Each structure stands twice: as C-alpha cells, then as structure tokens.
Amino acid sequence: MSFQLPAYHAPDFSLPRFTGAPDAAAAPAPRDGVAPEGFHSTGIDPEYFKVGGRWVLAPEIRMDCVPVLRENGFIDIVEFRRLKKGDTVLLGRTEDGSQGIYINSDPFASKESASLNFSFRKGRTRETGFSRDYREIVELLRYERENGGCCVWVLGPAFTFDDMARDAFCRIVRAGYVQALLAGNALATHDLEGSYLHTALGADITTQKAQPNGHYNHLDTLNKVSAYGSIPAFLEGEGITDGIMAACVQTGVPFVLVGSVRDDGPLPEVFRDVYAGQDAMRQHVKKATTVIGMATTLHTIATGNMTPSFRVLADGTVRPVYFYSVDTSDFSANKLADRGSLSAKGIVANAQDFITKIAAELGV
C-alpha cells in the first residue's frame with residue numbers, strides 16, 4: 001500500500017468557548033534577550049492565538065520559544081536570544097483557549113488510535129518489532145521524493161566506520177532521498193578519512209583492522225583538508241569521488257556541521273559558534289517534512305528541540321512532520337521523547353544495519 005498523509009483535524013473555532021474567549025494578552029519585551037513576565041512558551045504542536053478577534057495559527061513553531069506579534073499580524077516564533085526590546089510578546093500559561101491561546105495537540109490522530117485505551121507493548125524497546133516502521137519509512141521516503149518533501153538526516157560518525165553502511169547512505173543521497181545533512185565534525189572527518197586513507201579512526205573500513213600509526217589518519221586528513229581550505233577543494237584536489245561528503249557535494253545536498261568542545265581540528269566548514277550553527281541547522285529544519293536521526297543522541301536531541309510536529313505547506317495544507325531516532329540503545333532512541341518531542345519515534349537498531357536495510361528496500 002502506498003503511503004498517505006493523515007488528515008489534519010483543525011479546531012472548530014465557531015464553538016462558544018472560542019468565540020467568547022478574549023484576545024491573547026501581550027506586553028513589550030523589557031530589553032534585548034528578555035521576555036516580559038507571564039510570557040507564553042511554545043511547544044511542538046499547532047498553536048493558535050486570538051488576535052483582533054481572529055484565531056491565527058503560528059505557521060512555524062519551535063519548542064521553548066516565545067510568540068511575538070508583528071505589526072502585520074504575523075506571529076513570529078522567536079528564541080529568547082533573538083528578542084529585541086519592545087517586541088510585542090504574547091502572554092498566557094493556559095492552552096485551552098481561555099486566555100486566547102489554544103494548542104491543537106495530537107491533530108493527526110485517527111479514530112482507531114484514539115480508541116486504544118489499553119494495550120501491551122506500547123513502549124519502544126529492544127523487544128519491539130520494528131518491521132512495520134521500516135516499511136513505513138521506505139514508503140514515506142518514496143512519498144517525500146515524489147511529492148517535493150524535504151528529508152533531513154542527522155548522522156553520527158558510526159556510519160563512517162563500515163564501508164557497506166557508508167556506501168548505502170551514499171546511494172540514498174544520490175537517489176534523491178536526502179535534502180539536507182546535519183552532523184558534527186566527526187562524521188565528516190572520518191568519512192573523508194575513509195575516502196582519503198580507507199580508514200576511520202585508523203581502522204580499515206572494510207576489514208576493521210587497525211592500521212600501523214592509524215591514530216594519525218584522521219589528523220592527517222584534517223590537516224590536508226585545512227591545507228586545501230574547504231571540503232569541496234579537498235575532494236577535487238585529491239580526485240575523491242566516494243563517500244558521504246563527496247555524494248553531498250556532487251549532488252548539491254547542503255550539509256551543516258556544528259562543532260563541540262570535543263572536536264580536534266576542526267574541518268573548515270564546521271561552525272565554531274554554537275548559535276551560528278544552530279541558526280544554520282534551523283534553516284533546514286524549518287523546511288523539513290521528515291527527519292531521521294541516527295547514532296547521535298546529542299545531535300538528534302538538538303535537532304528535535306527545534307522541529308515541530310507539523311508543517312504548513314505553501315497551499316495552506318497542514319501536514320505532519322515525521323521524526324525517527326535510531327540507536328542501539330533504547331535509552332538513546334527514546335530520549336528525545338523525554339525531552340518534549342513526543343512525536344519522535346524511537347527505533348532500537350544498529351544504525352549500520354538499519355541504513356543498509358533501508359537502502360536495499362528502496363532499491364538503490
């Protein structure tokens with residue numbers, strides 16, 4: 001069966017509790033980076049604000065931000081660090097419409113799922129069967145490619161340690177199932193090390209055998225890329241055509257690499273400023289319709305915390321944003337849901353096995 005998007009269930013704002021509700025209160029930000037007392041904090045689900053007697057959907061939501069009413073009536077969702085003195089911040093701590101703020105929670109639920117009050121094995125652990133999820137992801141990826149969706153992938157360095165997994169993801173990139181890649185310095189460094197020296201952290205990516213003096217290999221790679229000045233220049237100069245970074249460069253898939261305090265190097269393209277990196281990531285997250293995070297707990301949580309449960313398309317249609325977190329540990333795979341991103345699905349699997357299976361099912 002081909003994938004179908006679920007219908008969006010919009011609130012009925014003709015009901016008395018909505019028509020009789022007041023406009024959302026507002027107050028100016030007292031200074032840059034500071035919200036007024038009683039500010040409203042946003043979540044991940046569709047949020048409506050009553051402004052001028054009309055209920056208005058904020059088209060872009062991000063967790064733990066504040067809604068700012070612009071002069072043209074647009075409701076802008078703003079990080080605290082971006083608040084400017086005098087911004088009109090909407091206030092209210094209730095979400096049932098009584099203060100002019102309504103959150104439409106679980107707006108894509110089917111009648112069948114809503115009727116299941118009790119069932120076994122609702123959790124997602126190492127005992128869960130994930131075959132249905134694999135099939136869903138494959139159909140979803142095909143749907144997104146055929147209908148102009150935006151698939152954002154968040155990768156940890158584990159993919160670079162195995163040539164089969166690395167090659168599988170490259171085929172997925174080249175087949176058009178990746179619209180953006182978010183990662184850290186390690187993913188790119190060890191992928192480029194694999195292309196340049198056929199190792200990752202000094203171990204051969206095919207045989208997994210440690211190479212003599214192999215602990216220098218990622219540093220030699222970093223140094224060589226820095227000498228060229230950029231990843232594309234390194235790939236061209238060394239005649240490299242294989243690997244994840246090469247596939248992204250050759251197909252025009254944008255990538256955002258954000259640094260951490262652990263990084264050596266880092267590569268020239270890595271964002272040193274964490275907030276500049278966050279801004280760059282969010283530019284892709286704001287367009288995402290599907291996000292798949294694999295083998296990177298912190299980067300997946302970072303992405304999840306700026307990913308809404310829905311997207312408003314150009315024609316006004318509201319559709320869900322699908323989010324999957326893949327990790328060998330059920331703790332890591334499900335951690336994002338504990339951080340507020342309740343729409344994220346955890347899949348407990350070896351990420352290398354996961355990606356090779358997805359590539360095979362996609363037929364790439």
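The values are calculated or read from the model by the stated rules, or taken from the named source; none is laboratory data. Note that the structure is predicted; figures quoted are calculated from it, not measured. All Cβ positions, glycine included, derive from the backbone under ideal geometry; neighbour counts span all protein chains shown. Ligands, DNA and RNA are excluded from the accessible area calculation, which covers all protein heavy atoms including side chains. Shrake-Rupley method; radii C 1.70, N 1.55, O 1.52, S 1.80 Å.
Of note:
- Cross-chain or 6+ apart pairs with Cβ under 8 Å, segment 62-75 first and free of Cβ contacts under 8 Å to residues at least 40 places away in the same chain, then open to solvent by 30 Å² or more (accessible area, probe 1.4 Å) and hydroxyl-bearing (Ser, Thr, Tyr): Cys65/Ser41; Val66/Ser41; Val68/Thr88; Arg70/Thr88
- When Val256 is tested against (1) part of a helix (DSSP H, G or I); (2) among the aliphatic types (A, V, I, L, M); (3) within 23 Å of Val173 (Cα to Cα); (4) in contact (Cβ under 8 Å) with a residue 40 or more places away in the chain, exactly one condition is not met: (1).
- Residue selected from segment 312-339 under the condition open to solvent by 20 Å² or more (accessible area, probe 1.4 Å) and in contact with a Lys or Arg (Cβ under 7 Å, 6 or more places away or on another chain), by the criterion nearest to Val78 (Cα to Cα): Leu313
- Odd one out for Lys287, checked against (1) out of contact with any strand residue (DSSP E or B) (no Cβ under 6 Å at 6 or more places or on another chain); (2) over 13 Å from Leu181 (Cβ atoms); (3) open to solvent by less than 10 Å² (accessible area, probe 1.4 Å): (3)
- Members of segment 234-249 that are of a type outside the set (Asp, Glu) and in contact (Cβ under 8 Å) with a residue 24 or more places away in the chain: Phe234, Leu235, Ile240, Gly243, Ile244, Met245, Ala246, Ala247, Cys248
- Strands (runs of 3 or more DSSP E) wholly inside segment 23-115 that include at least 3 residues being open to solvent by less than 70 Å² (accessible area, probe 1.4 Å): 47-51, 54-57, 66-69, 75-78, 88-90, 101-103
- Among the residues of segment 2-22, just one is touching a residue at least 24 places away in the same chain (Cβ under 8 Å), over 30 Å from Thr290 (Cα atoms) and open to solvent by 80 Å² or more (accessible area, probe 1.4 Å), namely Arg17.
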